[in-house]
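Everything below concerns the one structure shown next.
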Amino acid sequence: MNILEVLNLDLGEIEREYRKIASVLRNIGMTEYEARLLVATVAKTHGSADELAELSMVPRTSAYKALQALEKKGLVFSTKGRPTIYHAVDIEEMRRKYLSELNETFNKLNSIKGLLSEKGTPELVYTIAGKARVMTKIGEMIDTAMKRIVISSPMMKEIRIEHGKRFSEAIKRGVEIIIISEPMVKLPEATRVYRKNDLLATDIIIDVSMAIIASPGLDLCGFSDNPFIAKHLETFILNSLPKNGPEV
């Protein structure tokens, strides 16, 4: 039985409904298959990948990958067995998660509102595309640091693996390193460490003189060497540090 039969809708109706849902969910980073499977999992509350694939009309070969992506995003969870069963996370928990991320993003936008027009500089932010190029730029920035590095990222594991030695060298140069990372992630050497759930993007500020804001997967970033932008971003991040203080 697929979702057409469950919801008693004809093909035209269900396609229109899926397009509406998918258009919204794509805006928060989901693919169409992920959106369909999320709706099916919420409607059924739980099911195997095969059951949910049939219900959502997603090819079985694509359903496994999409469900794993939803689990990584914290929207479903699985219980191991034969077969693995996927469960929908509580709707209110989903709502809180995305509202928190959206609020954080709009707070960042508000913190730099009017900044470019105030300074009258035509181009202050440069786009860098491709994870390898973004990682290279992060390494170059760490190497130039002389006073302070502030980094907030859900990708600290990857950054540590790629640039761990650079962080150690920066510490030897007397650079203060402040890291904000998600819980239970091994980190490079740092001066202060804060733990925070549901980090949305990677933000890095070097010596209050240059900054990067990168996408969750580090595939795309905006880089600026304008001190005004760097200062605004650093102020926002430091003012948003967890109130329970750094790790001891």
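The values are calculated or read from the model by the stated rules, or taken from the named source; none is laboratory data. Quick caveat, the model's predicted, so the values are computed rather than measured. Cβ atoms come from the backbone with ideal geometry, glycine included; neighbour counts cover every protein chain shown.
I need the full set of residues from the range 47-61 which are crowded, with 16+ Cβ neighbours inside 10 Å and touching a helix residue (DSSP H, G or I) at 6+ places or on another chain (Cβ under 9 Å), in order please. Those that are crowded, with 16+ Cβ neighbours inside 10 Å and touching a helix residue (DSSP H, G or I) at 6+ places or on another chain (Cβ under 9 Å): 47, 49, 51, 52, 53, 54, 55, 56, 57, 58. Of all the listed residues (219, 198), the sole one being more than 20 Å from residue 246 (Cα to Cα) and acidic (Asp, Glu) is 219. Note on the range 65-80: residues that are touching a Ser or Thr at 6+ places or on another chain (Cβ under 9 Å) and either surrounded by fewer than 22 Cβ atoms within 10 Å (Cβ to Cβ) or assigned to a helix (DSSP H, G or I) (or both) amount to 7. Polar (S, T, N, Q) and closer than 30 Å to residue 96 by Cα: does that describe residue 209? So residue 209 fails the test.
The residues of the range 179-193 that are under 20 Å from residue 244 (Cβ atoms) and free of Cβ contacts under 8 Å to residues at least 40 places away in the same chain, listed by number, are 179, 181, 182, 183, 184, 185, 187, 190, 191. Checking 206, 180, 213 one by one, the residue that is assigned by TED's automatic domain parsing to the domain that holds residue 130, modelled with pLDDT of 95 or more and crowded, with 17+ Cβ neighbours inside 10 Å is 206 and no other. Could you say which residue among 215, 152 is within 25 Å of residue 72 (Cα to Cα), in contact (Cβ under 8 Å) with a residue 60 or more places away in the chain and among the polar types (S, T, N, Q)? Selected residue: 152, the only one of 215, 152 that is within 25 Å of residue 72 (Cα to Cα), in contact (Cβ under 8 Å) with a residue 60 or more places away in the chain and among the polar types (S, T, N, Q). If you filter the range 72-88 down to residues that are touching a strand residue (DSSP E or B) at 6+ places or on another chain (Cβ under 6 Å) and without any contact (Cβ under 8 Å) to a residue 40 or more places away in the chain, you find that the one that is nearest to residue 40 (Cα to Cα) is 76. Of the strands (runs of 3 or more DSSP E) lying entirely inside the range 167-248, those containing at least 2 residues that are within 16 Å of residue 146 (Cβ to Cβ) and over 14 Å from the mean Cα position of the chain (by Cα) span 176-181, 202-206, 210-214.
With respect to the conditions (1) buried (at least 18 other Cβ atoms within 10 Å of the Cβ); (2) at positive phi, residue 145 lacks only one, and its number is (2). Once the range 216-248 is narrowed to residues that are assigned by TED's automatic domain parsing to the domain that holds residue 150 and acidic (Asp, Glu), the residue that is nearest to residue 134 (Cα to Cα) is 219.
Any residue at all in the range 152-159 that's closer than 17 Å to residue 230 by Cβ and not basic (Lys, Arg)? Scanning the range 152-159 turns up at least one residue that is closer than 17 Å to residue 230 by Cβ and not basic (Lys, Arg). Looking only at residues of the range 138-157 that are part of a helix (DSSP H, G or I) and of a type outside the set (D, E, K, R), we find that the one that is farthest from residue 180 (Cα to Cα) is 144. Which condition breaks for residue 174 when tested against (1) closer than 30 Å to residue 69 by Cα; (2) of a type outside the set (A, V, I, L, M); (3) modelled with pLDDT of 90 or more? Every condition holds for residue 174 apart from (1).
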